[in-house]
Amino acid sequence: MFKDITPLLADPVAFSSVVDLIVVAFGRGTIDKVCGIEARGFILAAPVAYHAGAGFVPIRKVGKLPGATAAESFTLEYAEATLEMHTDALEPGDRVLIVDDVLATGGTAAAAARLVERGGGRVAGIACLIELDALGGRAQLAGRSFLSLLRYS
């Protein structure tokens, strides 16, 4: 079920509102780094990091980052996948917000959270623009602070 976010991105009021809602939900100055998940998560995570006064850390598909990386594999609703993050991206104890466009089964967000924790960070929260309720991804994030701005059944 593909959800096209490009009309929202093209609307400066809607786009800035999404960024502002995420920053307000987690608090400016309370986050050290914002991790964006490739690729559409980057679009949201970078301005969230800027407005939160935090650094931006990309979490990418295998082989896309230069230098030393840590990897985390997971199961998607239709395949296996692996994400990578630079091993030096986080300082011990960094408070990290993970941002993506859509939460489906939760596997991608859960894998990103494991990468952050293996990298020495503390997951302060996970935020997404759209949550697909029918796929049950929220259950993968049990015990974590989670925000979705739109929910589809």
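The values are calculated or read from the model by the stated rules, or taken from the named source; none is laboratory data. None of the values given here were measured: they were computed from a predicted structure. A quick note on method: Cβ atoms are made from the backbone with ideal geometry, for glycine too, and the neighbour counts reach across all protein chains shown. Heads up: the accessible areas ignore ligands, DNA and RNA and are worked out on the full protein's heavy atoms, side chains in. Shrake-Rupley method; radii C 1.70, N 1.55, O 1.52, S 1.80 Å.
Any chance you could run the full-extension gain for residue 149 through residue 64? It's 0.36 nm times the residue separation minus the Cα-Cα distance, nm to one decimal.
Difference between extended and current length: 27.7 nm.
Taking the Cα centre of the range 2-153 as the origin, how large is its charge dipole in debye, to the nearest 20, when only Lys and Arg (+1) and Asp and Glu (-1) carry charge on their Cβ atoms?
Dipole about the Cα centre, nearest 20: 180 debye.
At a threshold of 8 angstrom on Cα-Cα distance, excluding pairs fewer than six apart, so keeping six or more, what relative contact order does the chain reach in percent?
Relative contact order, the chain: 20 percent.
What do you get for trypsin sites (Lys or Arg not before Pro) in the range 42-151 restricted to DSSP loop and a cutoff of at most 16 other Cβ within 10 Å of the site's Cβ?
64, 144
DSSP loop chymotrypsin sites (Phe, Trp or Tyr not before Pro) in the range 45-127 with at most 10 other Cβ atoms within 10 Å of their Cβ, which ones?
Here the sparse-neighbourhood loop sites are 78.
Output the DSSP H helices from the chain with an along-axis C-alpha extent of no less than 15 Å and a mean Kyte-Doolittle hydropathy no less than 1.6.
Helices meeting the criterion: 12-26.
Could you estimate the translational diffusion coefficient of the chain from the Stokes-Einstein equation, with Rh from the Kirkwood formula over C-alpha pairs, at 10 °C and 1.306 mPa s, in whole µm²/s?
Estimated diffusion coefficient is 104 µm²/s.
Excluding residues on the same chain fewer than 8 positions from residue 33, give the lysines whose Cα lies under 21 Å from its Cα.
61, 64
Pop out the carbon and sulfur fraction of the accessible area of the range 1-150 as a percent, whole number, probe 1.4 Å.
Reported share for carbon and sulfur atoms: 56 percent.
Using only Cα atoms, figure out Rg for the range 26-82 and give it as a multiple of 2.2 N^0.38 Å.
Against the empirical 2.2 N^0.38 Å value, I get 1.28 for the range 26-82.
Work out the length of the dipole vector of the range 1-59 about its Cα centre, built from +1 on the beta-carbon of each Lys and Arg and -1 on the beta-carbon of each Asp and Glu, and round it to the nearest 20 debye.
100 debye
Relative contact order of the range 1-68: what whole-number percent is it, with Cα pairs under 8 angstrom and at least 6 residues apart?
Relative contact order of the range 1-68: 28 percent.
What is the distance in Å between the Cα centres of the range 67-124 and the range 1-34?
Spelled out, the Cα-based centre of one part sits 19 Å from the other.
For the pair residue 122 and residue 76, how long in nm is the line joining their label points, each one 7 Å along Cα→Cβ?
About 3.3 nm, to one decimal.
Near the amide H of residue 102, under 5 Å away, which other amide H atoms are found, from residues 5 or more places off or on another chain, if H is placed in the peptide plane?
For residue 102, the qualifying residues are 129, 130.
So which trypsin sites (Lys or Arg not before Pro) in the range 26-57 pass both tests, a DSSP loop state and at most 15 other Cβ atoms within 10 Å of the Cβ?
Passing sites in the range 26-57 are 28.
If amide hydrogens are placed 1.01 Å from N in the peptide plane, which non-local residues have theirs closer than 5 Å to the one on residue 125?
Those lying under 5 Å, H to H, from residue 125 are 96, 98.
How many nm separate the modelled label positions at residue 91 and residue 9, each set 7 Å beyond the Cα in the direction of the Cβ?
Result: 3.1 nm between the two label points.
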